[in-house]
Amino acid sequence: MNLREDFLVAGPALIARLKAQLPPTVFVLSAKDLAGVKEAAQQAPAVHVIYNAYAPKQGANGAWSGIEQTWLTVVVVRNVVSLATADAPMAEAGPLMAGVIGALSMWVPSGAVDFQSIHLKPSPPAGYTRAGFAYFPIAWGLDLRIRRGR
């Protein structure tokens, strides 16, 4: 990963890792893949990889030492068995969430020039729709180094 060439280079790396580690029946999609897709036409089960934000990190001397990017992996399931409760979607999402966490925890991408570490962060709450879709976000902090010069 090289931040100088592409500030969002982590996105494709996260997607590639999840595609390699999750069952082939799970769709792994970027925000670009989802642009303009109506909810009813969404593919599920799926994991959406979405850039959220970044924050600068300061070193001991006060100089910027790097950044922390926040990425969301949103597990999406559709289950209309029990729309009145969240039991069915939670039962379906739980193993997929465990798979996402297992795939990314302690992972170091190959050729990661600027990558330092990945860690879980507090996530937004889960969301449920009347159409039977449920969204379970998992937030990740990616610590990336800022290098000087060319």
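No lab work stands behind these numbers, since they all come straight from the coordinates. Note that the coordinates shown come from a computational prediction; the quantities given were computed from them, not determined experimentally. With ideal geometry, Cβ positions are generated from the backbone for all residues, glycine too; neighbour counts draw on all protein chains shown.
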Length gained if Ser105 through Asp6 is fully extended, taking 0.36 nm per residue and subtracting the Cα-Cα distance, is 33.3 nm
Computed over the Cα atoms of region 10-49, the Rg and Dmax in Å are 10.3, 29
Straight-line reach check, Lys19, cutoff 27 Å on alpha carbons, 8 or more apart in-chain or any other chain, hits among lysines -> Lys32, Lys38, Lys121
For the chain, the longest principal axis of the Cα atoms and the Cα long axis of helix 87-104 enclose an angle in degrees, to the nearest 10, of 20
Share of Cα-Cα pairs in region 33-72 beyond 16 Å, whole percent, is 57
Of region 89-126, those with amide N under 14 Å from the point 7 Å along the Cα→Cβ vector of Ala16 are 108-115
For percent of Cα pairs over 21 Å apart the list reads (1) 54; (2) 57; (3) 47; the calculated value is entry (3)
Taking 0.36 nm per residue of separation between Ala55 and Val113 and subtracting their Cα-Cα distance, the length gained on full extension comes to 19.0 nm
